[in-house]
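Here's the structure we're looking at; comments come further down.
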Amino acid sequence: MENRISQQTPFAYRCLHHPVYGKAFRYQCYKTAEIIHPTGTPIEEFGIVVDGILKANLYTVNGCELCSAYFEDCDVFPEFLYFTGKKVYTYTLAAVKKTEVAWIATSVFERMLQDDSEMMYSFMLYISKRGLKNQMLLNCLNYQTIQERVAYWLIGMNNLSQNEHIPLPKSQTMWANTLRVSRSSLNQEIKRMEALGYFRIDGHNLVLLNQKALEDLL
């Protein structure tokens with residue numbers, strides 16, 4: 001029982017409460033819209049979102065802002081950049097709202113993974129799930145209509161959660177940005193699909209009612 005419980009413990013929690021390396025974290029709070037790391041900043045620390053939301057911004061040649069990713073509670077960053085050889089931020093990291101981040105030096109983080117095989121295993125599970133989610137989001141954008149993107153996103157998120165209760169993004173703006181659609185269009189489509197019985201919104205969760213019907217939309 002203890003092994004099963006420990007394997008289900010989020011990687012971020014394991015890090016922050018590690019008996020040896022947990023004390024190596026420093027905590028810092030950021031204000032809404034505060035720029036934390038501009039594009040090109042060297043990656044010297046890994047961060048864990050303790051409370052709040054961060055976003056990774058890219059900019060077009062005309063200076064228009066594009067949100068490429070969000071980091072929410074218990075998300076670790078920028079692990080993909082660092083471990084694929086990128087030693088600088090390729091995006092601008094900013095706070096969406098007041099956010100607390102726990103930071104740890106990259107060298108200390110790597111040493112923790114080297115010294116603790118259970119932490120390495122937990123980290124591999126974490127990045128595998130993140131990778132599956134990122135690939136799902138990329139595939140989602142291949143669909144043209146909002147209905148199709150919503151359907152594909154719901155099926156993908158349900159495959160990750162595997163309990164037909166899908167945690168919703170913390171705001172509809174975040175959800176719309178993730179699907180690359182307008183907030184108003186997404187709101188209309190969600191109301192329409194809920195009325196048709198595909199799912200039910202229950203607070204901050206979405207309860208899937210008919211996955212087969214969603215699959216038939218694709």
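The values are calculated or read from the model by the stated rules, or taken from the named source; none is laboratory data. Bear in mind the structure is a predicted one, so any value in this text is a computation, not a measurement. Neighbour counts run over all protein chains shown; Cβ positions are idealised from the backbone, glycine included.
Among the residues making up the stretch 127-156, a single one is under 19 Å from Pro169 (Cα atoms) and among the hydroxyl-bearing types (Ser, Thr, Tyr): Tyr152. Out of Met119, Met157, Met136, I need the residue that is in a helix (DSSP H, G or I) and in the same structural domain as Lys87 (by TED's automatic domain parsing). Which one? Residue meeting the stated conditions: Met119. Residues of the stretch 23-44 that are surrounded by 12 or more Cβ atoms within 10 Å (Cβ to Cβ) and among the aliphatic types (A, V, I, L, M): Ala24, Ile35, Ile36, Ile43. Filtering the stretch 76-93 down to residues that are part of a loop (DSSP other than H, G, I, E, B) and over 16 Å from Asn57 (Cβ atoms), which residue is modelled with the lowest pLDDT? Per the stated criteria, the residue is Lys86.
For the stretch 172-206, which residues satisfy the criterion of being assigned to a loop (DSSP other than H, G, I, E, B) and closer than 19 Å to Cys140 by Cα? Please lay out each step first, then the result.
So the first thing to find is which residues in the stretch 172-206 are assigned to a loop (DSSP other than H, G, I, E, B), and the list is 180-182, 196-198, 203-204.
Passing the criteria: Arg180, Val181, Ser182, Tyr198.
Quick check on Leu208: is it under 16 Å from Tyr70 (Cα atoms), modelled with pLDDT under 90 and of a type in the set (A, V, I, L, M)? Answer is no for this residue. Once the stretch 99-111 is narrowed to residues that are over 17 Å from the mean Cα position of the chain (by Cα) and either of a type in the set (D, E, K, R) or surrounded by fewer than 20 Cβ atoms within 10 Å (Cβ to Cβ) (or both), the residue that is farthest from Gly52 (Cα to Cα) is Arg111.
Looking across the stretch 160-171, just one residue is assigned to a helix (DSSP H, G or I) and small (Gly, Ala, Ser), and that is Ser161. Is it the case that Asn142 is of a type in the set (S, T, N, Q) and assigned to a helix (DSSP H, G or I)? It is false that Asn142 is of a type in the set (S, T, N, Q) and assigned to a helix (DSSP H, G or I).
If you check Asp116, Asp75, which single one turns out to be touching a residue at least 24 places away in the same chain (Cβ under 8 Å), among the acidic types (Asp, Glu) and within 18 Å of Pro169 (Cα to Cα)? Break it down stepwise before answering.
Values: Asp116 fails: within 18 Å of Pro169 (Cα to Cα).
Every option except Asp75 fails the conditions.
Scan the stretch 75-83 and give yes if some residue there is in the same structural domain as Cys15 (by TED's automatic domain parsing), farther than 22 Å from Ala24 by Cβ and among the charged types (D, E, K, R), otherwise no. For the stretch 75-83, residues in the same structural domain as Cys15 (by TED's automatic domain parsing), farther than 22 Å from Ala24 by Cβ and among the charged types (D, E, K, R): absent. Step by step: first the residues of the stretch 1-22, then only those that are modelled with pLDDT of 50 or more and loosely packed, with under 10 Cβ neighbours inside 10 Å, then the one that is nearest to Val76 (Cα to Cα). Which residue is that? For the stretch 1-22, the residue satisfying everything is Gln8.
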